[in-house]
1. Assuming V46 fulfils every condition listed in (1) of a type outside the set (K, R); (2) touching a Cys at 6+ places or on another chain (Cβ under 9 Å); (3) at positive phi apart from one, which condition is it?
2. Can you pull out every residue in segment 196-228 that is of a type in the set (V, I, T) and either assigned to a loop (DSSP other than H, G, I, E, B) or crowded, with 20+ Cβ neighbours inside 10 Å (or both)?
3. So, in segment 35-86, exactly how many residues are modelled with pLDDT of 95 or more and in a loop (DSSP other than H, G, I, E, B)?
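The values are calculated or read from the model by the stated rules, or taken from the named source; none is laboratory data. Since the model is a prediction, treat every value here as computed from it, not as a measurement. Heads up, the Cβs are rebuilt from the backbone with ideal geometry, glycines too, and the neighbour counts pull from every protein chain shown.
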Amino acid sequence: MPADSSLPRSANRRQLFRSGIAVAAAGTWTHCMAATDIETFSFVIVSDTHLGRNDALAPEKQWQQGIAEINAGPGDFVLHLGDIVDKARASQYPRYVATRDELKKPIHEIPGNHDNTKLFKRYVTDRIDRSFDHSGVRFVLFGNAHEDSHDGFVTSEQIDWMTIECAQAAALGLRIVFCCHVPAHSNRHPDRGWYVKPDEGQTAFYDLIGKHAGRVLLCLHGHFHNGIRGWRDHHQVVEVLCPSLCYNQNRNLEKHLKAGSAAGFFVPELRTGYTIATLGKGKLALQYKPLGSQVDAEYSVEWE
Ligand SMILES: [Fe+2]
């Protein structure tokens, strides 16, 4: 969607985002096959709950508040994109599982760099790389974070497995959404410079996406704690970093995008919160839901 020059000068940021116009507007998907035939559905994206951060109870209380709000809101299921606990605190995993029991929607988690793989498998789910199908979309979840690095890693075994997942999705006529903690998309200042480097799986991952151009709709990530921020320059795929339910930080992305010193898109909202995604009938909307407040900002794209 191009920037709308017809908007009144007095339109404030909230109005702009209610009308679905993000900073550095998204453009239009030219591959019209993408998702036009999918019935509209919604789901919730949570990330970076960091239970136990600073040995405080606040992250757990925020997670509990998030659960209550998610239960009362839209969404067929919930994705948790990693960093469930902070600094792999073993004591926090049972607490996470106990609070998760209050959630009234199915939830699918992947680990982040703050998660310990053994503990994650013991408490959260015993299989990290997995997929599920929902409303014409195959969601492919995989672990790409290491405890000792901020970068991401995709192994050749994972690429082989994802190749099969994508082939199956193609045979079944499903679209594809990838979910992993660390983005594949290259980034540098004003972003953090944390991503899957070319020799660590980035090249192979994008090659796979290229083979399924138009079928892969989204890559969903956490990790950056910068609200909703992303790019759309690989085969029309929306690659998006999702906000933290624990804390977000201001990296002046709005200013950098306006000045041309950064590319992609950013929703200028940084309160603690989660994302409500609505996908189908040629549209994607990512609504930023701050804890305790109504949705007031979103990133949206439309295609024929
Ligand atoms: Fe995190």
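1. Unmet condition: (3).
2. Selection gives V196, I209, V216, I228.
3. So the answer is 18.
Yes/no matrix, rows are residues, columns are (1) in contact with a Phe, Trp or Tyr (Cβ under 7 Å, 6 or more places away or on another chain); (2) without any contact (Cβ under 8 Å) to a residue 60 or more places away in the chain:
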site	(1), (2)
N187	yes, yes
R192	yes, yes
V196	yes, yes
G201	yes, yes
N226	no, yes
G230	yes, no
E239	yes, yes
Y247	no, no
A262	no, no
